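Here the structure comes first, spelled out in structure tokens, and everything after it is commentary.
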Amino acid sequence: MVDIEPLVVLVLALGPGVFWAWYFYHRDRFEPEPAALIVKLFLLGVLVTFPVAFVEGFFGLFIASPLIMGVVIAPIVEEYGKFAVVRRFAYRDAEFDEPMDGIVYAASAALGLASLENVLYVFAAYVTSPSLALGTIVVRAIFSVPGHALFSSVWGYALGRAKFTAAERRPGLVFQGLALAMVLHGIFNFLLFSADIVAYAMVIFILVLTPGLWILADRNIRSALRWQRQR
């Protein structure tokens, strides 16, 4: 049995969120954002986890189905919570001056929430066994933690495009991006919920959905970077 100190577990649980925040930050090759703003959004993402959990808990009082909570309620509440952080604390900032910024800011806030969520899941596993905690860290570092950034990069890109689009088109662009992020988040959760029931759910999750999310994020990033080069 592996013996590992709780402090080490905490550092390992936080590591994936920090790494993926660094990754998305460095995808902005031409005009990186101020590190202080990225850290601020990351920490606000951590803090927004609490009202998000409260709202989800409230809905849980009336909805008995874990499937509905995980596939419908959680994606809507979590994506809107992350979106609210960026919309409130970054959208009007002078540093938000190109579509790529929307992706970077969205990923930062998303990974703050994902990091606290990861700590909770990892320590829940740690109570059972340190080995299970380590396995949880590895699996979530590859899928769940970056998943939050990938979902939110969809509405982040939409928000970035909207800011530099005619005013009458902005609400539609943002709504489409936010709705798509919620749907993708819901599909992600549905496949995880179905893994023990549907034989091919995990195959679809690993071989179709996860690569598809990365392809979509990469396409949006490339599109945003082209906008930077052409302006």
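For Phe151, state whether it is in contact (Cβ under 8 Å) with a residue 40 or more places away in the chain, hydrophobic (A, V, I, L, M, F, W, C), touching a His at 6+ places or on another chain (Cβ under 6 Å) and under 18 Å from Gln176 (Cα atoms). Answer is yes for this residue. Suppose the filter is of a type in the set (Ser, Thr, Tyr) and part of a helix (DSSP H, G or I); does Thr165 pass it? Criteria not met by Thr165.
Can you spot a residue in segment 75-98 that is buried (at least 21 other Cβ atoms within 10 Å of the Cβ), among the acidic types (Asp, Glu), in contact with a Leu (Cβ under 7 Å, 6 or more places away or on another chain) and within 25 Å of Val18 (Cα to Cα)? Looking through segment 75-98, at least one residue is buried (at least 21 other Cβ atoms within 10 Å of the Cβ), among the acidic types (Asp, Glu), in contact with a Leu (Cβ under 7 Å, 6 or more places away or on another chain) and within 25 Å of Val18 (Cα to Cα). All of Phe175, Phe188 fail the test of being assigned to a helix (DSSP H, G or I) and either surrounded by fewer than 17 Cβ atoms within 10 Å (Cβ to Cβ) or β-branched (Val, Ile, Thr) (or both), apart from Phe175.
Within 15 Å of the chain's Cα centre (by Cα) and either in a helix (DSSP H, G or I) or of a type outside the set (Gly, Ala, Ser) (or both): is that true of Leu12 in this structure?
Working: within 15 Å of the chain's Cα centre (by Cα): no; either in a helix (DSSP H, G or I) or of a type outside the set (Gly, Ala, Ser) (or both): yes.
Against the criterion (within 15 Å of the chain's Cα centre (by Cα) and either in a helix (DSSP H, G or I) or of a type outside the set (Gly, Ala, Ser) (or both)), Leu12 does not qualify.
Checked against (1) in contact (Cβ under 8 Å) with a residue 60 or more places away in the chain; (2) surrounded by 16 or more Cβ atoms within 10 Å (Cβ to Cβ), Leu67 meets all criteria but (2). From the list Thr136, Thr210, the one residue that fits, being buried (at least 19 other Cβ atoms within 10 Å of the Cβ) and either among the β-branched types (Val, Ile, Thr) or over 24 Å from Val11 (Cα atoms) (or both), is Thr136. Can we say Ile221 is surrounded by 13 or more Cβ atoms within 10 Å (Cβ to Cβ), part of a helix (DSSP H, G or I) and modelled with pLDDT under 95? No, not satisfied. Within segment 67-115, the set of residues being modelled with pLDDT of 95 or more, aliphatic (A, V, I, L, M) and part of a loop (DSSP other than H, G, I, E, B) comprises Ala90 only.
Looking across Ala94, Ala106, Ala53, Ala64, one residue alone is within 22 Å of Ala179 (Cβ to Cβ) and of a type outside the set (Val, Ile, Thr). It is Ala106.
Listed here are the residues, each with its yes/no results for (1) more than 20 Å from Gly45 (Cβ to Cβ); (2) aromatic (Phe, Trp, Tyr); (3) assigned to a helix (DSSP H, G or I).
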residue: Val138; (1), (2), (3): yes, no, yes
residue: Ala141; (1), (2), (3): no, no, yes
residue: Trp155; (1), (2), (3): no, yes, yes
residue: Ala158; (1), (2), (3): no, no, yes
residue: Ala179; (1), (2), (3): yes, no, yes
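In this structure, Ile63 does not satisfy being among the β-branched types (Val, Ile, Thr), part of a loop (DSSP other than H, G, I, E, B) and at pLDDT below 95.
For Phe50, indicate whether it is closer than 25 Å to Leu10 by Cβ, of a type in the set (Phe, Trp, Tyr) and surrounded by 18 or more Cβ atoms within 10 Å (Cβ to Cβ).
On the way: closer than 25 Å to Leu10 by Cβ: yes; of a type in the set (Phe, Trp, Tyr): yes; surrounded by 18 or more Cβ atoms within 10 Å (Cβ to Cβ): no.
For Phe50, the condition - closer than 25 Å to Leu10 by Cβ, of a type in the set (Phe, Trp, Tyr) and surrounded by 18 or more Cβ atoms within 10 Å (Cβ to Cβ) - is not met.
Each residue in segment 126-138 was checked for being without any contact (Cβ under 8 Å) to a residue 40 or more places away in the chain and either in contact with a Lys or Arg (Cβ under 8 Å, 6 or more places away or on another chain) or over 24 Å from Val48 (Cβ atoms) (or both), and 5 pass.
The values are calculated or read from the model by the stated rules, or taken from the named source; none is laboratory data. Just so you know, these numbers come straight off a predicted model, no measurement behind them. Heads up, the Cβs are rebuilt from the backbone with ideal geometry, glycines too, and the neighbour counts pull from every protein chain shown.
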